[in-house]
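Notes for the one structure printed next.
What follows is calculated from the coordinates using simple rules that are stated; it is not laboratory data. All of these numbers come straight from a predicted model, not from anything done at the bench. All Cβ positions, even for glycine, are placed from backbone atoms using ideal geometry, and neighbour counts span all protein chains on display.
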Amino acid sequence: MPRSRNRADIAVRKGFVIGKAGGRDLLADLYMPPAAAELRPAIVVLHGGGWRRGRREGVRGFGELLSAAGFVCLLPSYRLSTEAHWPAQLEDVKCAIRFLRASADSLGVGADRIGVLGDSAGGHLALMAAVPSCFEGHGGYAQHSSAVAAVGSMYGPTRISYEGTRPNHAALMGEGANQADYDSASPIAYDLSGFPPCLLIHGVEDEPVPVAHSLDFHAKLKRLGRPVDLHLFSGEGHAFDRKTPEGGVRMVDVADPKSVYGRAVVQIIALFFGKYLAGRASA
């Protein structure tokens, strides 16, 4: 695992263009640890919000804390379901990964040391970015690969429901989408025999995204002999890493001192990516 640094040592660049999201610019924020002698690992960090809301600023704390731990962190925006239906969201995520690989030399990043992480809907997109699919889009950097060396999902859906009452899923897919379309957005529906090392974090009492999503995905990866870590938090619900001691519906940033689990979850994440990204070269 990279050596932890003071958060004051990191450099932040906000709101710059990394590609195209359909007909508009795709923006991102960059969190950079101090320069190092060796190439550094990097993580693309994706926000949640049910695909229909949320902003990259919502995962700022992950960028701050993981950058302080030695990871270059790119926090991209992506088109929400209110702007475009599936697979626009994944196309934007893959563009962000390609941008990071294209910029590896200038950022001091190892091109084979790039991972992707997300929470909730962002966790779903992180898993989808790691499966073999053709949803590359036309955002830019087509000459570069969107492959990742490791992936982390915090309480992310692994199956997008065609039937039932999941309005977020229906809004993501749009009218006219059929079962095959929904399967194309479901990570668990794919051949995972070559899936990269995977981290799954979930609250056992999660209602919006039941823990079975992570349990089933973990079981499939285990059957295939793929490296996968599963961390379950008993008695906790959705977005538990942002809860405060007072409870209630108010959530805080994971870097906020009031966050009960924020730093513990980030430590798990840093250990995982430190093993599978930093371990790919001398670190």
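About its Cα centre, the chain has a charge dipole of approximately 640 debye under the convention of +1 per Lys or Arg Cβ and -1 per Asp or Glu Cβ, with nothing else charged.
Please order Ser77, Ser146, Ser106 by the number of other Cβ within 10 Å, starting at the fewest. Show your work: numbers first, answer last.
Working: Ser77 22, Ser146 26, Ser106 7.
Exposure proxy ranking, most exposed first: Ser106, Ser77, Ser146.
Residues Met154, Met251, Met32 in ascending order of nearby Cβ atoms (within 10 Å, fewest first): Met251, Met32, Met154. Whole angstrom only: what separates the Cα centroid of segment 88-153 from the Cα centroid of segment 211-283? Segment 88-153 and segment 211-283 have Cα centres separated by 19 Å. Modelled label positions at Arg55 and Ala11, each set 7 Å beyond Cα in the direction of Cβ, lie 2.5 nm from each other.
Loop by DSSP (not H, G, I, E, B), at most 10 other beta-carbon atoms within 10 Å: where is the longest site-free stretch of the chain for GluC sites (Glu not before Pro)? Don't jump to the answer; show the numbers that get you there.
Values: sites that count: Glu163, Glu175, Glu246.
Here the longest run is 1-162.
Between the listed residues Gly63, Trp51, Val17, the Cα displaced farthest toward the positive end of the dipole of segment 15-98, a dipole computed from Cβ unit charges relative to the Cα centre, is found at Trp51.
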